[in-house]
Each structure stands twice: as C-alpha cells, then as structure tokens.
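The structure appears below as structure tokens.
The values are calculated or read from the model by the stated rules, or taken from the named source; none is laboratory data. None of these values were measured; they are calculated from a predicted model. Cβ placement follows ideal geometry from the backbone for every residue including glycine, while neighbour counts extend to all protein chains displayed. With ligands, DNA and RNA removed, areas are computed over all heavy atoms of the protein, side chains included. Shrake-Rupley method; radii C 1.70, N 1.55, O 1.52, S 1.80 Å.
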Amino acid sequence: MEQRHLGRTGLRVSRIGLGTLTWGRDTDELDAADLLKTFWEAGGTLVDTADVYGDGESEYLLGRLIEGLIPRRDLVISTKAGSVPDPDRRFDGSRGHLLSALDASLARLGTDYVDVWHIHAYDPETPLEETLQALDLAVSSGRARYAAVSNFCGWQLAKAATWQQAAPGTRTRLAATQLEYSLLQRGVEREVLPAALDLGIGLLPSSPLGRGVLTGKYRGGTPADSRGASEHLAPFVAPYLDDTASRIVDAVQTAADGLAVTPLQVALAWVRDRPGVAAPIVGARNAHQLTAALSVEALSLPDEICRALDDVSAPVHRYPDHDWSTL
C-alpha cells in the first residue's frame, strides 16, 4: 500500500487507515485479529482508536493484539482523548484530564507511546492554550510522537495550529485533524480543508463511505445485518438515507458500473485522492469487508468521473466562502 506523509511532517502512514470504533463492542477479539492481520498483510500501518471506543475496550483489545500478532514497530497507532461520558460536559480539554487519559490509554494499549495523539473535540470551557499544552507535554515526554486534533471546525483548527506554530521548537505543530468526509458529507471543504492545506495539516477522513450508505447496500431497503438495522447505530445512518443522498448513491453506482468496479471502491477512491487527504479511516466489521475496501489500492478514478461526482455531490458554499466576489 502506498505511504503518505501526515501533513507537513516526516511521519508516513498508509493511505488507508483501519478504524476500531466497534472493537470490544460489536467486534470481538477473533474478528479484530483477522482485521488487523489482513490490514497489515496488505501494507496498512495506520490504526485509529480512541479512549472512549467501547469504553476503553477498543484500546485494550488492540493492545492485546500488538506484539502477539503484529509487531508494534509496524504500526502507526492513533488514539484520542477529551470525550467524557458526562451529560453536562461532553468534552474535557483540561490539561489534567487529557494527560491522565493519555496515561490510561497507554496502559490499555500496553505501549510506551502512541504515534499520533488527538484532542477528540474542542472544549469551549477550557482555554485553548491549556488544551494545547497537554499536546506539548505529551510529545516532550515521549508519550506521543505527533500531535493532532479531531472534530475542530475551521476557525478552531486555524487558531490551534497558528498558536502552535507561533513558537517553533517550544510548541508541537499539529500533524493532522480527523473529521467526517465523504461524497455525502463535504462540509469540511467549507473552511476546515482550506485551513488544513494552508497550515500543512493532514486530513484523516472518518466515515469515508458515508456511514456505509455509499456502498449501495441501502438502495433496496435496510439489510438485517447492517448498521442501519442496529439499534444503537441506526440513528447514525438515518441522516444519509434521504433523497439527496439517494441521488449521489445512484451516481456512484453509475460510475462503478462504467468502470467495472464496486460503489465502495469508487466512493473510497474519491475521498482518498482529494487534496489534503492523508488517509481515510475505514471501519470494517469483518475481514471480508476490509479486503473489499483495501482493493481500492489499484484504482484511480478518471478525471471525468471525479468531475461528475463532484457536481452531483457539490455542497452549497456561498458568501463569504471562496469565489464570493462572483455573486
């Protein structure tokens, strides 16, 4: 698998990442082992998790598979901290919480360091410089090799990255940001992606297959074994089952038919090769699904197909975004 630099850093990652959101909850240890081995054998290196995935079970399960199945040195492990199970405060970006959470993640993962450590979301109740200092301390102490954020909007990302770059050698520049990005969700193109490109921050798209909808599996209804039929994941899929999404899914299917490939391959290749993207994070439920996703390595979409998909999925960006002077 091709390797790409993560933002404007020397770290290289596989251009498809393996997501572990369901590990320890819907994905047991046997299936997780199959997924990790399949990914590694295909040349994959970037494995993404978070301290809240499966209430910590995702990290714990990944830790058990490291060394016993895959050498630690062969993986680029990315995890996150900051989300908390508190209905009154969804995110805690305080320095104390973040550093304690990192230590707990390292213990579950059974490793001395993580390669990429993300602040999971912006915390409006904590001064941003305090949150960012946790990243600096994590890197300077060797507990994290690279710093990143997740789910920051455009101004939040730009403010954080500019603050970090204002003191080179003292503060750690942001290597990456992770947000949802697909043909069904192009909101990052409004402000986040331009900021990331300008500041040298790599984008790690989550849900690159539109929460599974872009595979076409929901065109004839909701399969019984799909996330859309799952009690706790159905609300996650539902927003992408409207008429607008249906038109985009139909276009993806048309492109796939014309190229003699699958809709999954078309949708994943589209987001993988967008400007600024380092590696889409794929959350397969089993090795069969992952193998289907990894088969996209040999596919590059023709320019005319990309333009057609761009047109059918184009979000409405008006004043004060790009080209506002033409309005």
Review point. Would you pick out the residues in the stretch 203-235 that are open to solvent by 50 Å² or more (accessible area, probe 1.4 Å), among the hydrophobic types (A, V, I, L, M, F, W, C) and in a helix (DSSP H, G or I)?
Key: ALA229
Review point. Of the residues ALA251, ALA238, which is within 22 Å of VAL188 (Cβ to Cβ), surrounded by fewer than 21 Cβ atoms within 10 Å (Cβ to Cβ) and at pLDDT 95 or above?
Key: ALA251
Review point. Does VAL271 satisfy being assigned to a helix (DSSP H, G or I), in contact with a Pro (Cβ under 6 Å, 6 or more places away or on another chain) and touching a residue at least 40 places away in the same chain (Cβ under 8 Å)?
Key: yes
**Study point:** Residue, modelled with the highest pLDDT, within the stretch 86-100, restricted to residues that are open to solvent by 30 Å² or more (accessible area, probe 1.4 Å) and farther than 18 Å from VAL139 by Cα
**Key:** PHE91
Practice item. Take the residues in the stretch 35-50 that are in a loop (DSSP other than H, G, I, E, B) and of a type in the set (Ser, Thr, Tyr), then tell me which one is most open to solvent (accessible area, probe 1.4 Å). Key: THR45
Review point. Would you pick out the residues in the stretch 110-132 that are crowded, with 18+ Cβ neighbours inside 10 Å and part of a helix (DSSP H, G or I)?
Key: THR131, LEU132
Check your understanding: Taking the stretch 274-292 as the search range and keeping residues that are outside any loop (DSSP other than H, G, I, E, B) and among the polar types (S, T, N, Q), which one is farthest from LEU209 (Cα to Cα)?
Key -> THR291
**Study point:** Of all residues in the stretch 144-174 being of a type in the set (Lys, Arg) and farther than 17 Å from LEU98 by Cα, the one that is least open to solvent (accessible area, probe 1.4 Å)
**Key:** ARG173
Point to revise | Selected residue (criterion: farthest from ARG8 (Cα to Cα)) from residues of the stretch 185-195 that are touching a Gly at 6+ places or on another chain (Cβ under 6 Å) and open to solvent by less than 30 Å² (accessible area, probe 1.4 Å) | key: VAL192
Check your understanding: Residues ARG25, ARG64: which one is in contact (Cβ under 8 Å) with a residue 12 or more places away in the chain, open to solvent by 20 Å² or more (accessible area, probe 1.4 Å), assigned to a loop (DSSP other than H, G, I, E, B) and at negative phi?
Key -> ARG25
Exercise for review: Pick out the one residue from ASP103, ASP55 that is open to solvent by 10 Å² or more (accessible area, probe 1.4 Å), within 21 Å of GLN133 (Cβ to Cβ), outside any loop (DSSP other than H, G, I, E, B) and not hydrophobic (A, V, I, L, M, F, W, C).
Suggested key: ASP103
